[in-house]
Amino acid sequence: MASHHDRGPRLALAPASHSHAAPREIDYAAVQRASRELLLALGADVDGEALLETPRRMADAYTELLTPQAFRPTTFPNEDGYDELIVARAIPFHSLCMHHLLPFHGVAHVGYLPGERIIGLSKLGRVVELFARDLQIQERLTTQIARWLQRELEPKGVGVVLEAEHMCMSLRGVQKFGATTVTSALHGCVRDDARTRQEFLALTTRTSHDQ
């Protein structure tokens, strides 16, 4: 039986909400109508010149924010037997909190200990964006990125750390502007081997302090 590495080129798309669900389909016209109704409910003059195009702009914005870009997860044989960590640090990302539909944004540190395959470095940023363009919570986003890498590469280990500021915490409620939430997902040797785990976390901590 051929492994998943032997399959031809394919496009990666984010699932709607569950790991095996199909990608979301956005009803643009319905979003535009709902945006107008929301503005009306908020007491806004939707027929005034300033807000006349706002429902369309809202539909455009949410469609863009919730539509992941397909990409080909190009991998290559690890011909040189590289057996140290590969880490992409401080990858910028933004997403929408599924509880309040307010943004959260920050940086992702993504690393893996390669096995037989390595992935193009730019694709690590693509994977972050793939799952970030969804109605999310940071914990799930972190684990989705890690599980994708584990599934696609079958590496010896994976580490993902996300640092983000949540507008639902900064602009409302406790209003703690600048507070950062940190989440992590570790697999394989990055989780089980103390030296590898320490090395990965040291790299991500150093990046955070340097910013």
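Against the longest alpha carbon principal axis of the chain, how many degrees, from 0 to 90 and to the nearest 10, is the axis of helix 138-153 turned?
Rounded to the nearest ten degrees, it is 40.
GluC sites (Glu not before Pro), restricted to region 83-155: which are DSSP loop and have at most 10 other Cβ atoms within 10 Å? Let's see the in-between values first.
Working: sites: E84, E116, E129, E139, E152; in loops: E84, E116.
Sites meeting the loop and neighbour criteria: E84.
From the backbone phi of region 160-173, what are the Karplus-calculated ³J(HN,Hα) couplings (6.51 cos²θ - 1.76 cosθ + 1.60, θ = phi - 60°) in whole Hz, Gly and Pro given as x?
Those phi angles translate into 9, 10, 10, 10, 8, 9, 9, 5, 5, 9, 7, 9, 9, x Hz.
Taking the Cα centre of the chain as origin and charging only Cβ (+1 Lys, Arg; -1 Asp, Glu), how large is the dipole, in debye to the nearest 20? Display every interim value, and only then the final one.
Working: 23 positive and 26 negative charges, 55 e Å.
Its charge dipole is roughly 260 debye.
Explain nothing, just the number: relative contact order of the chain, from Cα pairs under 8 Å at least 6 residues apart, as a whole percent. Could you put the intermediate results ahead of the total?
Working: 351 pairs, mean separation 38.4, N = 211.
Relative contact order here is 18 percent.
Taking the Cα atoms only, what angle lies between the long axis of helix 121-132 and the longest principal axis of the chain, rounded to 10 degrees?
Once rounded, one gets 40 degrees.
Excluding G106 itself, what net charge comes from residues whose Cβ is under 10 Å from its Cβ, given Lys and Arg +1 and Asp and Glu -1?
Numbers: positive: none; negative: E163, E165.
Surrounding charge for G106 is -2.
Show log10 I(q)/I(0) for region 108-208 at q = 0.21, 0.22, 0.23 Å⁻¹, two decimals, from a solvent-free Debye sum over equal Cα scatterers.
Debye output, listed in q order: -1.09, -1.16, -1.24.
Under a Cβ-Cβ cut-off of 14 Å, what is the net charge of the residues other than D192 that fall near it, where Lys and Arg count +1 and Asp and Glu count -1?
On the way: positive: K156, R191, R195, R197; negative: D193, E199.
That sum, taken over residues with Cβ under 14 Å, equals +2.
Along the charge dipole of the chain, which of P103, Y82, T63 sits closest to the positive end, that is, farthest toward it, with unit charges on the beta carbon of Lys, Arg, Asp and Glu (+1, +1, -1, -1)?
Y82
If you bin the C-alpha pair distances of region 105-157 every 10 Å from 0, what whole percents do you get?
Taking every Cα pair in region 105-157, the percentages come to 23, 57, 19, 1.
Given q = 0.11, 0.12, 0.16 Å⁻¹, what are the Debye log10 I(q)/I(0) values for the chain, with equal point scatterers placed on the Cα positions and solvent ignored?
-0.61, -0.71, -1.09
Take every DSSP beta bridge with both residues inside the chain and express the antiparallel ones as a percent of the total, to the nearest 5. Kindly include the intermediate steps, with their values, before the conclusion.
Working: 31 of 33 bridges.
If we restrict to bridges inside the chain, about 95 percent are antiparallel.
Under 5 Å between amide hydrogens, which residues at least 5 positions from T180 or on another chain qualify, with H placed 1.01 Å from N in the peptide plane?
Here nothing satisfies the definition.
Give me the angle, in degrees from 0 to 90, between the Cα long axis of helix 28-41 and the longest principal axis of the Cα atoms of the chain, rounded to the nearest 10.
Compared with the principal axis, the helix lies near 50 degrees.
Excluding M58 itself, calculate the net charge of residues whose Cβ lies under 15 Å from the Cβ of M58, where each Lys or Arg counts +1 and each Asp or Glu counts -1. It would help to have the intermediate numbers written out before the result.
Numbers: positive: R33, R36, R56, R57; negative: D27, E37, E53, D60, E64.
Summing Lys/Arg as +1 and Asp/Glu as -1 gives -1.
Here, each number is a calculation from the coordinates, and none is a lab measurement. Fair warning: this is a prediction, and the values are worked out from it, not measured in the lab. Neighbour counts are summed over all protein chains in view; Cβ atoms, including those assigned to glycine, are modelled from backbone coordinates with ideal geometry.
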